[in-house]
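Structure first, then comments.
The values are calculated or read from the model by the stated rules, or taken from the named source; none is laboratory data. All of these numbers come straight from a predicted model, not from anything done at the bench. Heads up, the Cβs are rebuilt from the backbone with ideal geometry, glycines too, and the neighbour counts pull from every protein chain shown.
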Amino acid sequence: MSTWRAVVVVVTVLVLAGCAAFGPGQARQSSSLVSFLYPDGNLPPPGKAVPELHLPLRVGLAFLPSTRGGAEGLDEAHKARLLERIRQRFIDRKFVSEITVIPDYYLANGGGYRGLEGLKRLYAFDVLALVSYDQVTNVDANRLSLSYLTIVGAFVINGNTHDTATLVDLAVVDPATRSLIVRAGGTDSRHSSSALVKVDESVRREAAESFDAATDRMIANFDVALTAFEQSVHDGKAEVRVVDSRGGAGLVDAATLACLGALALAGVVFRRLRAAQGAGAAGSRRHF
């Protein structure tokens, strides 16, 4: 009788432990652009400094360090692959001369624009593209979890469900003027289930796949945002000035180009009028 009681106690303890270990839970990993740029929490008032972009641009590209521990499915090798995917997508832009991938540990010792200014001097880039993310994973053990934990084992029934939602954001900032130039984000969400002993493996795989999908959507959205930004610069509506180092012409933002074009056109018209007046006067002298 005492033996059966001991068995019941052991089974009860195992069941309660299983419920505690594999009950509902949430994990969140993130890196925040705002927290990194303004670590003291004080956002500055809108400034009047206008970014000056020297073409072709030298761009630094980096992941922001995590503020909530390491993310599932996002180790250093995975970060490197995602950054290279971003670099390859935008390296052929005509206004970009190079994109340099910067390890995130160079950003880990201190946030804020002051730290970025030092990094700019070290790597000699013009602007910095910062990748941040936010991923939330919920794991729930439903009724089947208890049955396969206590009766048929952990390999048969997919009793644990997990949902993963991911945001990946890319923002280009100018450390010199502390300005945000252009940004875009991409999101992904997915739902799956797994057996008890495969929960960790399944969650890691799902988190990694979600990062890949969110990054792909971010790249597509950033491409659209970048095209719109180029058009706004061309139309003179962007809050930037552009200096083309290849032509050595100095300031060549869209508004300046429009003014120069108007002056050049006026000069052509004036010369033609002078020529026409000279031809008319010569014709009058011949007739006389």
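Can you spot a residue in region 37-56 that is basic (Lys, Arg), more than 23 Å from Ala129 (Cα to Cα), loosely packed, with under 12 Cβ neighbours inside 10 Å and modelled with pLDDT under 75? Scanning region 37-56 turns up no residue that is basic (Lys, Arg), more than 23 Å from Ala129 (Cα to Cα), loosely packed, with under 12 Cβ neighbours inside 10 Å and modelled with pLDDT under 75. Checked against the criterion of being modelled with pLDDT of 90 or more and under 12 Å from the mean Cα position of the chain (by Cα), the candidates Leu180, Leu170 yield just one match: Leu170. Among the residues of region 209-224, not a single one is exposed (fewer than 14 other Cβ atoms within 10 Å of the Cβ), more than 16 Å from the chain's Cα centre (by Cα) and of a type in the set (A, V, I, L, M, F, W, C). Being among the polar types (S, T, N, Q), more than 30 Å from Thr137 (Cα to Cα) and modelled with pLDDT of 85 or more holds for only one residue in Ser232, Ser210, Ser284, Ser245, and it is Ser232.
Among the residues making up region 28-43, those that are more than 14 Å from Leu170 (Cα to Cα) and out of contact with any strand residue (DSSP E or B) (no Cβ under 8 Å at 6 or more places or on another chain) are Ser35, Tyr38, Pro39, Asp40, Gly41, Asn42, Leu43.
Of all residues in region 82-106, exactly one satisfies the criterion of being at pLDDT below 90 and under 12 Å from Val131 (Cβ atoms), namely Asp104.
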